[in-house]
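Accompanying notes for the structure given below.
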Amino acid sequence: MRKLTLAVLAAGAALVAPALAADLPFYPPIVEVPDVDYGYTGSFYLRGSAGLNLMWAPNVYHPTATPTTYNIDGFGYGYSYGVGAGFETGTGLRFDVTADILRNEGMRATVDDGAAGPLVDGVHKLALRSSVFLANAYYDVGFGDGYGAAGGAFGYVGGGLGVAFNDHTVTDPLGATVQAQNTSLAAAGMVGLGYDFGQIVADVGYRGLYINRIENTTAAYPYSVDNNWVHEVRGTVRYRFN
């Protein structure tokens, strides 16, 4: 009887052991984590821009006239276009250098320094041709996942610093003109909206361009116009190289 019992127990153990062994996690499963797609990172790009502008300054200074300062009482209108090259980090930051040609005409001041004054009384108008070179930095904020460089709609803010080479002409009420050139500090602030198509990125935005001084020191009747602001609405297209 005892031998029969031992035989039954041994047979039962032989049947149960393989089933238990199959359930034990001797070989844990391997989980594969996909790589994170950060979009276009570390990309160089070329850009082209074009826009319309409106220009204004507080006043014009005529040192030989009395009074010497006259308020600007009319905006100038014009356009600009330019190219640039830059680099975007893929973290929202990007940097570029730009070269723009700016045209503006019609900014005006009404001069009245009396009958004995050296200037012709009436409306004097300024025509400006500037070559503007800026180094710029921007921060892109995506409206979905990523930083604008990952695709889709985005907004941006930016700023720039550089120089403007100004070629300007003043026309007096009798049609006489005086032309001069000068070099000035330039700076800019930008804000806008865009869409990232991948290799192509397009945006429309505002640029406030500051030109510190437009002046003529060699004319018989010298003048200077400080704190010039050019308000621009510009469209830009960027092409990425990966």
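The values are calculated or read from the model by the stated rules, or taken from the named source; none is laboratory data. Quick caveat, the model's predicted, so the values are computed rather than measured. When we count neighbours, we look across all protein chains shown, and the Cβ atoms used for this are built from the backbone with ideal geometry, even at glycine. The protein model used for the area step is the full one, side chains on, heavy atoms only, and it has no ligands, DNA or RNA in it. Shrake-Rupley method; radii C 1.70, N 1.55, O 1.52, S 1.80 Å.
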Inset, instruction - Report Rg/Rh for segment 43-240, rounded to two decimals, where Rg is the Cα radius of gyration and Rh the Kirkwood radius. - result: 1.10
Inset, instruction - Grab the beta carbon distance between residue 220 and residue 133, set R0 = 41 Å, and tell me the FRET efficiency rounded to 0.05. - result: 0.85
Legend entry - Neighbourhood charge, 13 Å Cβ-Cβ cut-off, centred on residue 195 and excluding it, Lys, Arg +1 and Asp, Glu -1: -2
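Could you please report the charge total around residue 70, scoring K, R as +1 and D, E as -1 over all other residues with beta-carbon less than 12 angstrom from its beta-carbon?
Numbers: positive: 108; negative: 73, 112, 113, 121.
Around residue 70, the charge tally is -3.
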Inset, instruction - Please grab the % of Cα pairs in segment 103-178 that end up more than 20 Å from each other. - result: 60
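Can you give me the Kirkwood hydrodynamic radius for segment 140-214, using every pair of distinct Cα atoms, in Å to one decimal?
Details: mean 1/r = 0.0661 Å⁻¹.
In segment 140-214 this quantity evaluates to 15.1 Å.
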Inset, instruction - Pick out, from 55, 130, 202, the residue whose Cα sits farthest towards the positive end of the charge dipole of segment 43-240, with +1 on the Cβ of Lys and Arg and -1 on the Cβ of Asp and Glu. - result: 202
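Could you report segment 111-242's accessible area per residue, 1.4 Å probe, as an integer in Å²? Working shown, then result.
Details: 6100 Å² over 132 residues.
Value returned for segment 111-242: 46 Å² of accessible area per residue.
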Legend entry - In order through segment 151-157: 3J(HN,Hα) via Karplus (6.51 cos²θ - 1.76 cosθ + 1.60), integer Hz, x for Gly, Pro: x, x, 6, 7, x, 8, 10
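With charges set only on the Cβ (+1 for Lys and Arg, -1 for Asp and Glu), what does the dipole of segment 43-240 come to about its Cα centre, in debye to the nearest 20?
Values: 11 positive and 17 negative charges, 85 e Å.
Rounded to the nearest 20 debye, it is 400 debye.
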